């Protein structure tokens, strides 16, 4: 098990290097170090000497991929790409265009993101699975078909609509919750309620459909028929057999996104004015701050890979047939 | 007058002709024909297909661009001067809506502006009044006009239906009509005709009244919302279908070769799609669009007009979306190819010495078709919705381009106003909802019919 995890982590390194390569190329395809220096120093009085000294100070005077002047291994290591990647791998994200430390910004903004994302995730998981089980229990009935129609409709509405409609109804017309803002601690709960409800509702359509199809696939299996033949009640069949065996496909889809909850939701956070990583990213995109975007891309990839590893581990916990090797 | 061909125009027409050619090839195989018949036997599938065709019609109408000469009288031998305005056929249809701009917001069917203005009258007294709109008829004959518009719509749809009845083989028109009426036709044409009539009548009603009113109101600078909503159709549909066109060849090629060849090819392809899919989608798109924006800012000489500029940006966006969205399908195809290549008929073909390429063409691709089709239709609705979100984030289509995302984005800023300016938001959401709902329902039907797991 331990050896397996180590190997998976080692396997993640080439993927992260690939991710870095992509962002690096996207960035330097359009931006030369000279451009960066000019933007940083301001438009006025930019002399070639100033640019050169800025580049030397920040380490941008090296070539992109291959340093022909260096000897041996440093032909590759003494380059911008390796230098930038090494910084990212040690989680040193550098400074944003507005000269703030990106690493400490991320640490600070992680918790507001989690405050929204975690409750949304948990509540959505529980309600979707229970609703799906309910529909499977009454499969083929009017309740089932009408709920499925509603689910397609919920899926077909843009997520932006739920947010806007929710804000207008609950905040503007009925004044139940503040329209946007954030506070840490229990006081902040009034800011969290609406985004969480909207997040759960918006994902309900596709969620319930997905869980329902997983359970329906199980319900036609032979072991379910055997369980019924033994005289088990339908409820016991559902919870004891269908739910347990449905866990495996559910885990595949669910565990992988848990680490990514840290990244927050872009749209939700910016509409509700929550100072999390999602709104951080949006602000960075709008102000074209590539350093932050690059850091978030790296962070997102790391979290995704962690999610993949967690998925594999959770398999062994739920399915005794799976052995990691 | 001359035709102007934008990049996305080429792509959309190529796609349409490819689809027609594909349909023609398919129609020669009786089994496939039967499958498609089964799909359309559901009245929901029929209705959603007609709605999708309706949207596609406006997309195509908006994908034929013209440029008119600046002066109508030219002496021969001289180079013809064209003014900068590139218009599509849809623009020509809505030329009155483009020209009849108001000063600012007005509600649907309103005859005065949304907000009061302060004016000074002849006696020198300042008053707050609702200024009348410039381009609406304030008469009370809206009911008569509506009646005639609906009648025209009915007439047009009857014409279309009769044309279709004639085109379809049946000895007597009356017999066929009776069959349709009773719902006895093999395919649910009654639902189809009803949907068509409803769509055409609504459109004609909106269209004819748009000469006298702003049917869906006006936006901040007085632009007609109805016209904007129809212009947005092209953007939404294009992002939905062209992205698929971009990603399909890549996904099929890489997925099939990974599954079939194994070894280092498989390793490389798996590495590629794991890397790409590990980057959060929106961020990769954002990084791509940001780089593209800088590139376009650095090369202003690439475009003659703002339309071409926004078109190129749309094209880049589609390419970037294609790059980010092929991984899921590729993974599915790889797994399925692995499974198929273990089945006896492939082994038999290999034993007979059939070439690799022929095996792929004859045995693998036909067995992957249902996965490809399902994921294409499923992706479509996701991409239409994604456009709105991306435009909101600021990495969507060009701000000058008409799109539902841009409409929502602009209207969102006015949410705090009292009473609310709701019509832009509402129109964008409704137009999007109908398209996405139709696509979702249609993909559900395709999934139930084509997925072999549902054969029991």
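Points worth noting:
- Within the range A:280-309, the set of residues being away from chain B (no Cβ under 11 Å), closer than 21 Å to residue A:113 by Cα and either at pLDDT 85 or above or out of contact with any helix residue (DSSP H, G or I) (no Cβ under 7 Å at 6 or more places or on another chain) (or both) comprises A:280 only.
- Out of A:3, A:37, A:12, sole residue that is modelled with pLDDT under 80, in a helix (DSSP H, G or I) and at negative phi: A:37
- Checking each residue in the range A:163-184 for being buried (at least 18 other Cβ atoms within 10 Å of the Cβ) and modelled with pLDDT of 85 or more picks out A:163, A:164, A:166, A:167, A:170.
- No other residue among B:396, B:355 is within 14 Å of chain A (Cβ to nearest Cβ) and farther than 17 Å from residue B:254 by Cβ apart from B:396.
- Yes/no for residue A:59 being on the phi > 0 side of the Ramachandran plot, surrounded by 12 or more Cβ atoms within 10 Å (Cβ to Cβ) and either within 14 Å of chain B (Cβ to nearest Cβ) or at pLDDT below 70 (or both): yes
- So residue B:404, is it within 11 Å of chain A (Cβ to nearest Cβ), crowded, with 21+ Cβ neighbours inside 10 Å and touching a residue at least 12 places away in the same chain (Cβ under 8 Å): yes
- Residues considered: B:425, B:441. Of these, the only one that is in a helix (DSSP H, G or I), modelled with pLDDT of 90 or more, within 9 Å of chain A (Cβ to nearest Cβ) and crowded, with 18+ Cβ neighbours inside 10 Å is B:441.
- Residue match in the range B:306-314 (condition: part of a helix (DSSP H, G or I), touching a strand residue (DSSP E or B) at 6+ places or on another chain (Cβ under 6 Å) and more than 14 Å from chain A (Cβ to nearest Cβ)): yes
- Residue within the range B:21-33 that is modelled with pLDDT of 80 or more, loosely packed, with under 14 Cβ neighbours inside 10 Å and in contact with a helix residue (DSSP H, G or I) (Cβ under 8 Å, 6 or more places away or on another chain) present: yes
- The combined condition, being touching a residue at least 40 places away in the same chain (Cβ under 8 Å), surrounded by fewer than 21 Cβ atoms within 10 Å (Cβ to Cβ) and either within 12 Å of chain A (Cβ to nearest Cβ) or in a loop (DSSP other than H, G, I, E, B) (or both), is fulfilled by residue B:378.
- Cβ separations smaller than 6 Å between residues 6+ apart or across chains give the following pairs from the range B:288-302 residues that are at the interface with chain A (Cβ under 7 Å from one of its Cβ atoms) to residues that are surrounded by 21 or more Cβ atoms within 10 Å (Cβ to Cβ) and modelled with pLDDT of 80 or more: B:288/B:320.
- When B:333, B:413, B:314, B:378 are checked against the criterion of being in contact with a helix residue (DSSP H, G or I) (Cβ under 8 Å, 6 or more places away or on another chain) and under 26 Å from residue B:293 (Cβ atoms), B:314 stands alone in meeting it.
- Residue within the range B:241-248 that is within 23 Å of residue B:435 (Cα to Cα), surrounded by fewer than 21 Cβ atoms within 10 Å (Cβ to Cβ), under 17 Å from the mean Cα position of the chain (by Cα) and within 14 Å of chain A (Cβ to nearest Cβ) present: no
- Against the conditions (1) closer than 30 Å to residue B:420 by Cα; (2) surrounded by fewer than 18 Cβ atoms within 10 Å (Cβ to Cβ); (3) over 24 Å from the mean Cα position of the chain (by Cα), residue B:222 satisfies every one except (2).
- Taken as a whole, the condition of being within 14 Å of chain B (Cβ to nearest Cβ), more than 22 Å from residue A:278 (Cα to Cα) and surrounded by fewer than 20 Cβ atoms within 10 Å (Cβ to Cβ) applies to residue A:210.
- Selection within the range B:180-213: residues that are in contact with a helix residue (DSSP H, G or I) (Cβ under 7 Å, 6 or more places away or on another chain) and not in a helix (DSSP H, G or I). The member of this set that is surrounded by the fewest Cβ atoms within 10 Å (Cβ to Cβ) is B:183.
- Per-region count, the range B:407-422, residues in a helix (DSSP H, G or I) and within 8 Å of chain A (Cβ to nearest Cβ): 2
- Restricted to helices (runs of 4 or more DSSP H) entirely inside the range A:218-325, those with at least 2 residues that are more than 30 Å from residue A:182 (Cβ to Cβ) are A:222-229, A:243-254, A:290-318.
- Selection status of residue A:193, assigned to a helix (DSSP H, G or I), surrounded by 20 or more Cβ atoms within 10 Å (Cβ to Cβ) and modelled with pLDDT of 85 or more: no
- Contact annotation: no residue pair with Cβ atoms under 7 Å, 6 or more positions apart or on different chains, pairs a residue in the range B:262-286 that is at the interface with chain A (Cβ under 10 Å from one of its Cβ atoms) and on the phi > 0 side of the Ramachandran plot with a partner that is at pLDDT 85 or above and surrounded by fewer than 20 Cβ atoms within 10 Å (Cβ to Cβ).
- So residue B:283, is it buried (at least 21 other Cβ atoms within 10 Å of the Cβ), in a helix (DSSP H, G or I) and at pLDDT 90 or above: no
- Count - residues of the range A:143-164 that are assigned to a helix (DSSP H, G or I) and over 18 Å from residue A:274 (Cα atoms): 15
- Any hit, the range B:253-262, residues being surrounded by fewer than 24 Cβ atoms within 10 Å (Cβ to Cβ) and within 25 Å of the chain's Cα centre (by Cα): no
The values are calculated or read from the model by the stated rules, or taken from the named source; none is laboratory data. Keep in mind that what you see is a predicted model, and the values were worked out from it rather than measured. When we count neighbours, we look across all protein chains shown, and the Cβ atoms used for this are built from the backbone with ideal geometry, even at glycine.
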